[in-house]
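Q: Before we start, here is the structure in question, set down as C-alpha cells.
The values are calculated or read from the model by the stated rules, or taken from the named source; none is laboratory data. Values in this document were obtained by computation on a predicted structure and should not be read as measured data. In this analysis, Cβ positions are derived from the backbone assuming ideal geometry, glycine residues included, and neighbour counts consider all displayed protein chains. For accessibility, only protein heavy atoms count, side chains too; no ligands or nucleic acids. Shrake-Rupley method; radii C 1.70, N 1.55, O 1.52, S 1.80 Å.
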Amino acid sequence: MKFEIEDIPVKSDGYESKYNFASMRVGQSFVVPTDMKSKVSVAASYYGKRNNKKFSVRMTDGVLRCGRIA
C-alpha cells in the first residue's frame, strides 16, 4: 500500500503584531495616534519583555512616537 504525501496549510500561532515591533531596529520609531498611547505602550512593553527588547512611547516635537531604545 502506498500513501500519497500532500502539503497541508500551516497554521500560524494566531498572533500577528499590529505594530510590527519585530522588524524595528534600535533608533527606529513610528507615529502613534494620541488616543492609542495606552494600547501601544502596553503592547510594546509586553513584546519587549518577551523578546528582551526595550521600547519607549514619548511625545517628540508635538508628535507621539513609539521607538525601540534597546
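Q: Quickly work out the residue 36-to-residue 58 label distance, labels modelled 7 Å from Cα along the C-beta direction, and quote it in nm with one decimal.
A: Placing both labels 7 Å beyond Cα along the Cβ direction yields 2.1 nm.
Q: A further question on this structure: Using a 1.4 Å probe, what is the accessible area per residue for the chain, in Å²?
A: About 87 Å² of surface per residue is accessible.
Q: Report the net charge of residues surrounding residue 29, where surrounding means a beta-carbon distance below 12 angstrom and charges are Lys +1, Arg +1, Asp -1, Glu -1.
A: +3
Q: Just to confirm the number: angle between the C-alpha axis of helix 37-51 and the first principal axis of the chain, 0 to 90 degrees, nearest 10?
A: Here the helix axis deviates by roughly 50 degrees.
Q: Given that just one value was derived from the coordinates, which of (1) 14.1; (2) 14.9; (3) 13.8 is Kirkwood radius over Cα pairs in Å?
A: Here Kirkwood radius over Cα pairs in Å agrees with entry (1).
Q: If you don't mind, there's one more thing I want to ask. Rounded to a whole number, what % of the accessible area of the chain do carbon and sulfur atoms account for, probe 1.4 Å?
A: Its accessible area is 52 percent carbon and sulfur atoms.
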